[in-house]
Amino acid sequence: GVAQVPFAAIRGSDQTLLGTVGISRDITSSRHGDVAIQTSECRYRSLFDNHPDAVFSVDSDGRLLHVNRGCAVLLGYDSAEMTGRSLDLLIAPDQREEVRERFAQTFDCAETVRAISLLNKEGSRVDVDLTRIPILLSDGIVGAYCIARDLTMQRELEAHLIQTQKMKAVSRLA
C-alpha cells in the first residue's frame, strides 16, 4: 500500500529537539482513484483528439473551448485560432440564427443531428452533419460537444449518381 506520514517535532522549553511524532495514514485507495481519473482523462482525450471527424466543444455562451485536429484540417484553422472564439466564426452567416436557437435547445435535450454549412478559413462553405451532445456535469448542462462529419464526398457521390441516372434515361430514349 501507499502511506502518508506527516511528522511534527517535539521540542523542549529551550527549543531543543526532544523527538518527533508521526501519524501514518493509508492512502492506497486515494492513489488508485487518482490513477483511474487519469486513465479516464487519457481515454477521453485520445477519442477527442484522434477522432477523424471535426470535434469541438463549446460552453453555454457558444465559445469554442477545445478543437481537435480533424476540425483544424476540415476548416483550415489552427486550433489556437478557434479556441476562445465564438461558434459564429464557423457557421455560415445565413444559418447563424437558426444554429443559435438549436444550440439553446441542446441545453434542454439529448443529442441532435442536423445538416448545416460551416465556413472554412477562406470563407468557403463546408456541408456537414453536425451532432450536438450536451456536456453534463454535476451542476447541469454546461456546454456541448459537437461532431461535424464532412458531407462533401457524399454530396459529390450523390450528384454523380443523379448524373449517371439521367444519362441512362437519355440513352434509353435514344
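Quick notes on this one:
- Rg(Cα)/(2.2 N^0.38 Å) for the stretch 43-88, N = residue count: 1.07
- Over the chain - Rg/Rh using Cα atoms and the Kirkwood inverse-distance radius: 1.33
- Normalising by residue count, the stretch 1-94 has a Cα convex hull of 191 Å³ per residue.
- Average accessible surface area per residue within the stretch 56-173, 1.4 Å rolling probe, Å²: 60
- Relative contact order for the chain, counting Cα pairs under 8 Å that sit 6 or more residues apart, in percent: 16
- Per-residue ellipticity at 222 nm from helix content only, as computed over the chain with -39500 (n - 2.57) for each DSSP H run of at least four residues, stands at -12500 deg cm²/dmol.
- Surface share of carbon and sulfur [accessible, 1.4 angstrom probe, percent] for the chain: 55
- Amide H partners (placed H, <5 Å) of G143, local residues excluded: I135
- Charge tally around R102: other residues with Cβ under 9 Å, Lys/Arg +1 each, Asp/Glu -1 each, net +1.
- For peptides 52-65, 75-88, sequence by mean Cβ density within 10 Å, most packed first: 52-65, 75-88
The values are calculated or read from the model by the stated rules, or taken from the named source; none is laboratory data. In this text the structure is predicted, and so the values were computed from the model without any measurement. Positions of Cβ are generated from backbone atoms using ideal geometry, with glycine treated the same way; all protein chains shown enter the neighbour counts. Heads up: the accessible areas ignore ligands, DNA and RNA and are worked out on the full protein's heavy atoms, side chains in. Shrake-Rupley method; radii C 1.70, N 1.55, O 1.52, S 1.80 Å.
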